[in-house]
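S.K.: Input: one structure, supplied below.
The values are calculated or read from the model by the stated rules, or taken from the named source; none is laboratory data. Bear in mind the structure is a predicted one, so any value in this text is a computation, not a measurement. Cβ sites come from the backbone with ideal geometry, for glycine too, and all protein chains shown count toward neighbours. These accessible areas exclude ligands, DNA and RNA; they are computed on the full protein's heavy atoms, side chains included. Shrake-Rupley method; radii C 1.70, N 1.55, O 1.52, S 1.80 Å.
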Amino acid sequence: MDRIIIRGGRRLEGRVPISGAKNAALTLLPCALLTDEPLTLTNLPRLADVDGFGHLMNELGVATTIAGARNGTDFGRRMTLTAERIASTTAPYDIVRRMRASILVLGPLLAREGEATVSLPGGCAIGNRPIDLHLRAMEALGAEIELTAGYVRAHAPAGGLRGGRVTFPIVSVGATENVLMAAALARGETVIENAAREPEITDLCHCLIAMGAEIDGVGGDRLVIQGRDRLHAAEHRIMPDRIEAGSYACAAAITGGDLLLEGADAGAMTAILDGLTEAGLTVTVEADGIRVRADGPLRPLTLSTAPFPAFPTDMQAQFMAMLALAEGTSVLTETIFENRYMHVPELARMGADIQVHGRTATVTGVARLTGAPVMATDLRASMSLVLAGLAAEGETQVLRIYHLDRGYERLEDKLSAVGADIERTGGD
Ligand code: EPZ
């Protein structure tokens, strides 16, 4: 079992290349199902979840070719996906259980083939993660949904999906993505009310429009889609990962460092950058990225997670690690997922002073953290442990780092390059 060993206390300084966004890639890959022509995605990150999704696409009959980075600075890969014909409309349990984003083939398969059988993803460490909003949205486009033996069996009407009105009671990124892709090929107009506005949704809209889709209201919470008979080939560059960039910004903060987040897009990170500025960091947007510099002590924050453009839930664990060393008491409230404080007991083992009551965590800043062996439980929690290890006195071992590999490309290389004493070892 691989582990990461960090000897903390080193100030980080230099440039960190930001990879393509995991949560954009995972909704862009299934777009290939919507056409029999090639879809080329560039700036594709090297991540376990992306490779897993590529494997799922192959299972469905999609041909994929992948090329390495074309030049020195762009580490991203170039993948061309061609779904000339769909060989299977089933996303099996053994794939879906390891990667819940597989549910994002539901809408495209229904739109392209008129049917889809997708394993129910089940819950995960941060919550039970239901998919009821995805299913209701498909029904609004005329699909019939049946749940049998742990699978969703969906069928479109004889003439295919038809446009409809979808009003989400709560904001759902994945459900918005699924219905957007399905609506692109549905007959007639689809209106989505209370759509998620995350930058990854905007990136998806730009890719679909490049493929010939007609979408109005991009970036807003009301999207209007005129369905097309077919979509066509396109090439789309995946947006930079705002959560990876925010995570490395916290690395600068927690080590008193100075990092240039190369290629990061400030427009997708306003709430994150506002939080960093309020915590005392100097944040400057430069031509080639965002510079984050720690000029003095960290100040405490009061933050609530919420859908974009508010502070993202995917940054809560990383900010908590940073605020563990702030001068004062911070209050974080997690409003999106019901169990996203798994990092707290592990941070406490390193000396953090954090009290959790329901959805609220009170973080009382301490003078120092001390290294310890800690256990990663989910993707963003594991990053918060790495951040704490970078600042802690002594050695920190982070176990179960397969969680990290799902969302952070070349983590130890990127951190070593800016001065961290970090290595990956195969463990017992
Ligand atoms: C996406 O998950 C992201 N994953 C998550 O990132 C992110 O935390 C989340 O959006 C919120 O921003 C990907 O994009 C692959 P939701 P998703 O549907 O789509 C409830 C990471 O660390 N809900 O917006 O699954 C749900 O339980 C991951 O990169 C329903 O009740 O999130 C949650 O409480 C973690 N019914 C809330 O809505 C549904 O049908 C928001 O979930 C769907 C969701």
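S.K.: Does Gly174 count as part of a loop (DSSP other than H, G, I, E, B) and open to solvent by less than 60 Å² (accessible area, probe 1.4 Å)?
M.R.: no
S.K.: Just give me the residues in the stretch 246-272 being over 23 Å from Leu369 (Cβ atoms) and either small (Gly, Ala, Ser) or part of a loop (DSSP other than H, G, I, E, B) (or both), in sequence order.
M.R.: Gly263, Ala264, Asp265, Ala266, Gly267, Ala268, Met269, Ala271
This table checks each residue for (1) without any contact (Cβ under 8 Å) to a residue 24 or more places away in the chain; (2) under 21 Å from Ala279 (Cα atoms); (3) out of contact with any Asp or Glu (no Cβ under 9 Å at 6 or more places or on another chain).
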{"residue": "Ile354", "(1), (2), (3)": "no, yes, yes"}
{"residue": "Arg359", "(1), (2), (3)": "no, no, no"}
{"residue": "Gly371", "(1), (2), (3)": "no, no, no"}
{"residue": "Glu393", "(1), (2), (3)": "no, no, yes"}
{"residue": "His403", "(1), (2), (3)": "no, no, no"}
{"residue": "Tyr408", "(1), (2), (3)": "no, no, no"}
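S.K.: Something else about it: Could you please give the count of residues in the stretch 110-139 that are farther than 30 Å from Tyr341 by Cα, more than 13 Å from the ligand (Cβ to nearest atom), surrounded by 20 or more Cβ atoms within 10 Å (Cβ to Cβ) and not charged (D, E, K, R)?
M.R.: Qualifying residue count, the stretch 110-139: 3.
S.K.: Let me ask something else about it. Those residues that are without any contact (Cβ under 8 Å) to a residue 40 or more places away in the chain, within 14 Å of the ligand (Cβ to nearest atom) and not aliphatic (A, V, I, L, M), I need them from the stretch 305-332; list them, please.
M.R.: Thr305, Thr313
S.K.: Counting just the residues of the stretch 387-427 that are within 16 Å of the ligand (Cβ to nearest atom) and touching a Ser or Thr at 6+ places or on another chain (Cβ under 8 Å), which one comes out nearest to Ala101 (Cα to Cα)?
M.R.: Taking the candidates together, the pick is His403.
S.K.: List pairs: first in the stretch 13-37 and closer than 16 Å to Arg77 by Cα, second within 14 Å of the ligand (Cβ to nearest atom) and of a type in the set (Gly, Ala, Ser), Cβ under 7 Å, 6+ apart or cross-chain?
M.R.: Correct list of pairs: Ile18/Ala245; Lys22/Gly407; Leu26/Ala101.
S.K.: A further question on this structure: So which residues in the stretch 19-38 are under 25 Å from Asp49 (Cβ atoms), away from the ligand (no atom under 15 Å from the Cβ) and in contact with a strand residue (DSSP E or B) (Cβ under 8 Å, 6 or more places away or on another chain)?
M.R.: To start, the set of residues in the stretch 19-38 that are under 25 Å from Asp49 (Cβ atoms) comprises 19-35, 38.
Checking which are away from the ligand (no atom under 15 Å from the Cβ) leaves us with 32-35, 38.
Selection gives Ala32, Pro38.
S.K.: Right, another one. Out of Gly150, Gly246, Gly219, Gly163, report the one residue that is of a type outside the set (Asp, Glu), free of Cβ contacts under 8 Å to residues at least 60 places away in the same chain and farther than 19 Å from Ile131 by Cβ.
M.R.: Of Gly150, Gly246, Gly219, Gly163, the one residue that is of a type outside the set (Asp, Glu), free of Cβ contacts under 8 Å to residues at least 60 places away in the same chain and farther than 19 Å from Ile131 by Cβ is Gly219.
S.K.: Are any residues in the stretch 75-109 open to solvent by 50 Å² or more (accessible area, probe 1.4 Å) and either modelled with pLDDT under 95 or under 30 Å from Pro17 (Cβ atoms) (or both), and if so, which ones?
M.R.: Of everything in the stretch 75-109, those that are open to solvent by 50 Å² or more (accessible area, probe 1.4 Å) and either modelled with pLDDT under 95 or under 30 Å from Pro17 (Cβ atoms) (or both) turn out to be Phe75, Arg78, Tyr93, Asp94, Arg97, Arg98.
S.K.: Residues that are among the β-branched types (Val, Ile, Thr): find the helices (runs of 4 or more DSSP H) completely inside the stretch 45-151 holding 1 or more of those.
M.R.: 48-59, 93-96
S.K.: Report yes if Ala24 is farther than 24 Å from Asp229 by Cα and part of a helix (DSSP H, G or I), otherwise no.
M.R.: Details: farther than 24 Å from Asp229 by Cα: yes; part of a helix (DSSP H, G or I): yes.
So Ala24 passes the test.
S.K.: Any chance you could count how many residues in the stretch 391-411 are part of a helix (DSSP H, G or I) and not aliphatic (A, V, I, L, M)?
M.R.: The qualifying residues number 3.
S.K.: Of the residues that sit in the stretch 378-399 and are touching a strand residue (DSSP E or B) at 6+ places or on another chain (Cβ under 6 Å) and surrounded by fewer than 24 Cβ atoms within 10 Å (Cβ to Cβ), which one is modelled with the lowest pLDDT?
M.R.: Only one residue fits best here, namely Leu399.
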